[in-house]
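Please read the structure below before turning to the comments.
Please treat every number below as a calculation from the coordinates, not as lab data. Remember, it's a predicted structure, so these values are computed and weren't measured experimentally. Note that each Cβ is placed from the backbone with ideal geometry, even for glycine, and that neighbours are counted across all protein chains shown.
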Amino acid sequence: MKFSDIMDIAASGLRAQRTRMTVTASNIANAQTTRTREGGPYQRRDPVFEADRIGEGFGSALERKIHSVDVARIVVDSRDPITRFLPDHPDANEQGYVAFPNVNLVEEQANLVGASRGYQANLLVMQKLRSMTEALLRVGQQ
Amino acid sequence: MSSFGPDAMGALQVAMRFRKAREAVIAGNVANADTPGYRRRDISFEGILEGARAGLARTHAGHLPNGSGNPEHARVEMGPRGTRPDANGVDLDQELVTAHRNASAFVDQANVLARLSALVRTAMG
């Protein structure tokens, strides 16, 4: 297993956490969106992470046990929209109710903090790997 | 007196290969810190030397070499399922501490190796 392979594992973590942050940002941005191309209000989304095999499946016993991470899919949250009585709103129904996305800003903030922490953790692993390769280079230099 | 050169260098090499493999395992744990149902993995130094202690005979060329100290054949220990709602068993802080300690050990070993090779070169004149 090469150092660059280990770097790839940390990079997969960075990518996954960044995707999570993007999805959360989209949820926050669309917290008040009452119309979408598919019709109805925006529905909040969640990324689903999945442990992913590294290499091409021909690795050693150890390599088969180590997994990088991948975003398997982005699922749509099926929770019911929040309805509010706004008869003058262009998207109001006959009874005068408007369906708003079921986005909980506190929940999204918590997601953002979690994603940012996960990103930093993967970055820290990358720094550690760099100090290891630097130490290895010094062996040859002296 | 045994020579400080090849013996010590061989031992350092085994230790450093183990540290590198363990860093890869920890990197996998950190990357999967939010993967539902993921259990943390780890390898121990005892784990890679296990074959040597058991004194297994290698009776077939296809068998894995035992006691080689090769971390590629290490037994990977799986942690328990987590108590979080997504059943993830990774404690991010713990993993980062382990990653730091493990990387530091590797750096220390690399420094000793650098000193050793300088000694050998001096001895050779």
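Scan chain A and report its longest stretch carrying no GluC sites (Glu not before Pro) that are both in a DSSP loop and have at most 15 other Cβ atoms within 10 Å.
Details: sites that count: A:Glu38, A:Glu56, A:Glu94.
Longest site-free region, per DSSP loop and neighbour criteria: A:95-142.
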Mean projected area (nm²) of the alpha-carbon convex hull when the range A:31-142 is viewed from all directions: 11.8
Mind computing the radius of gyration and Dmax over the alpha-carbon atoms of the protein assembly as shown? Å is fine for both. 25.3, 96
Cleavage-rule hits (trypsin sites (Lys or Arg not before Pro)) in the range A:52-142: DSSP loop, at most 12 neighbouring Cβ within 10 angstrom: A:Arg79
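What does the charge add up to near A:Ala115, with Lys and Arg as +1, Asp and Glu as -1, over the other residues with Cβ less than 10 Å from its Cβ?
Values: positive: A:Arg18, A:Arg20, A:Arg117; negative: B:Asp34.
Net charge in that neighbourhood comes out at +2.
State to the nearest 20 debye the size of the charge dipole of the range A:1-126 about its Cα centre, where the only charges are +1 on K and R beta carbons and -1 on D and E beta carbons. Could the numbers behind the result be given before it?
Values: 15 positive and 16 negative charges, 63 e Å.
In total the dipole reaches around 300 debye.
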Amide H neighbours of B:Ala87 under 5 Å, at least 5 residues apart or on other chains, H built in the peptide plane: list them. B:Gly37
